[in-house]
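Just so you know, all these numbers are worked out from the coordinates, no wet-lab data involved. Owing to the predicted nature of the structure, the values given are computational and were not obtained by experimental measurement. Note that each Cβ is placed from the backbone with ideal geometry, even for glycine, and that neighbours are counted across all protein chains shown.
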Amino acid sequence: MRVRLLWSGGGEATVVSVGADTVVLRSTVSAPPGSRLDGSLRGEPGAMLKVKVHGCKRQPEGDFVIEARPIDLTREVRDRLGRT
């Protein structure tokens, strides 16, 4: 099961992969490189993910693939993301 996020500024995303220092997301909204996004893990009150965007590419389906670096990632949230 994929982890889903609700962005605080609107839109949502699905976690595609998680690396040591990177996270790849499939998002309904775009974000320019250098920007920061934050959102909550759907179905997990209080679990937040903050990222700094390194790249964003529009996909043929109309959504966006965002490559980012997690910021202030707690162990609990990292473990949750690792179970995707």
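Quick rundown of the values:
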{"item": "Charge dipole (debye, nearest 20) of the chain; +1 at Cβ of Lys and Arg, -1 at Cβ of Asp and Glu", "result": "80"}
{"item": "Helix-only mean residue ellipticity at 222 nm for the chain, each DSSP H run of n ≥ 4 adding -39500 (n - 2.57), per residue, nearest 500", "result": "-2500 deg cm²/dmol"}
{"item": "Rg/Rg_ref, the chain, where Rg_ref = 2.2 N^0.38 Å and atoms are Cα", "result": "0.97"}
{"item": "HN-Hα J in Hz across segment 27-32 - Karplus 6.51, -1.76, 1.60, θ = phi - 60°, x for Gly and Pro", "result": "10, 7, 10, 8, 8, x"}
{"item": "Loop-located trypsin sites (Lys or Arg not before Pro) in segment 17-84, at most 12 other Cβ atoms within 10 Å (DSSP)", "result": "Arg83"}
{"item": "Sequence of Leu41, Leu49 once ranked by neighbouring C-beta atoms within 10 Å, starting from the fewest", "result": "Leu41, Leu49"}
